Amino acid sequence: NYRVALILGEALRERFDLKVTYPWLDFDSASKRLALSSWDRRSAIENMMKRLDQAPFDQRIGHLDSMVALRNAYRRLDELIHPREYYPTQELYLNALSHRPGDIRVMENYAGFLEASGELEEALRMWKTLEAQLPWHFGPPYHLGRLMHRAGDLAGARPYLERSHGLRPEVTETRLELAATYVDEDPGKALSMYSEIARDYPHRPDIHYRM
């Protein structure tokens, strides 16, 4: 991504004859400005592994080698994540937000960092701020509902998950999270919801596992 950004930057400078005389930020400086922490990198690799392990990507030539490489990268990053890194990493996010207040991507990553660090209340506050800024986006209400579910607030979680589902009905994870909120309270309803999702996505073994 860094290399692509440099190529695009140079192309724009030439195309519009921009009089930019200062050098581009190096990789480390750009990472700090964007608040890219080990938590973010680990989360990105985790999402890549989940996606690549689903059809049609799991049928690609070299799939197993790719998954092994990603797992190794995940383990290396996991070793870097230690409680003593909490405050320096938090300072990284806050410093980035001081340069670019309201930066959506940094705020999202910061919310993820807070959740991973066990700061659920702070993470909820950050997602509520994002929801106010992005009322048309399904992501903030999904994460609010997911975190409230994790905290045991089922009644509070469902309206957010239903709102997220209304904004993007095709997003499977929202439907799965909503069904999960009924598992203990109304198993029959949860099973019915899981069955409906399984009919729509018959090649998702994880859905059948939940059932």
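The values are calculated or read from the model by the stated rules, or taken from the named source; none is laboratory data. Keep in mind it's a predicted model, so treat the numbers as computed, not measured. Note: ideal-geometry Cβ built from the backbone for every residue, glycine included; neighbour counts use all protein chains shown. Just so you know, the surface numbers come from the protein's heavy atoms only, side chains and all, with ligands and any DNA or RNA stripped out. Shrake-Rupley method; radii C 1.70, N 1.55, O 1.52, S 1.80 Å.
On the basis of being in a helix (DSSP H, G or I), open to solvent by 50 Å² or more (accessible area, probe 1.4 Å) and in contact with a helix residue (DSSP H, G or I) (Cβ under 8 Å, 6 or more places away or on another chain), does residue 159 make the cut? Write out each step before concluding.
On the way: in a helix (DSSP H, G or I): yes; open to solvent by 50 Å² or more (accessible area, probe 1.4 Å): yes; in contact with a helix residue (DSSP H, G or I) (Cβ under 8 Å, 6 or more places away or on another chain): yes.
The answer is yes for residue 159.
Taking segment 93-104 as the region of interest, how many residues are modelled with pLDDT of 90 or more and open to solvent by 40 Å² or more (accessible area, probe 1.4 Å)?
4
Let's see how each residue does on (1) modelled with pLDDT under 80; (2) open to solvent by 70 Å² or more (accessible area, probe 1.4 Å); (3) hydroxyl-bearing (Ser, Thr, Tyr):
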position: 7; (1), (2), (3): no, yes, no
position: 10; (1), (2), (3): no, no, no
position: 33; (1), (2), (3): yes, yes, no
position: 44; (1), (2), (3): no, no, no
position: 51; (1), (2), (3): no, yes, no
position: 54; (1), (2), (3): yes, no, no
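Could you please tell me which pairs satisfy a Cβ distance under 9 Å, a separation of 6+ or placement on different chains, a first residue in segment 170-199 that is within 17 Å of residue 54 (Cα to Cα) and aliphatic (A, V, I, L, M), and a second residue that is at pLDDT below 95 and open to solvent by 70 Å² or more (accessible area, probe 1.4 Å)?
Correct list of pairs: 176/210; 197/210; 198/208; 198/210; 198/211.
Report, ordered by the first and then the second residue, all pairs with beta carbons closer than 6 Å, sequence separation of six or more or different chains, a first member in segment 1-20 that is over 19 Å from residue 31 (Cα atoms), and a second member that is assigned to a helix (DSSP H, G or I).
20/13
Based on what the data block shows, is residue 114 open to solvent by less than 70 Å² (accessible area, probe 1.4 Å) and more than 18 Å from the chain's Cα centre (by Cα)? Spell out the reasoning first.
Numbers: open to solvent by less than 70 Å² (accessible area, probe 1.4 Å): yes; more than 18 Å from the chain's Cα centre (by Cα): no.
So residue 114 does not fit the description; no.
Six or more apart or on different chains, Cβ under 8 Å: which pairs go from a residue in segment 61-89 that's under 18 Å from residue 114 (Cα atoms) to one that's open to solvent by 70 Å² or more (accessible area, probe 1.4 Å) and of a type outside the set (Val, Ile, Thr)? Could you list them?
Short answer, once both residue conditions are applied: 77/41.
Do we have residue 206 as farther than 30 Å from residue 89 by Cα, free of Cβ contacts under 8 Å to residues at least 60 places away in the same chain and over 17 Å from the mean Cα position of the chain (by Cα) here?
The answer is yes for residue 206.
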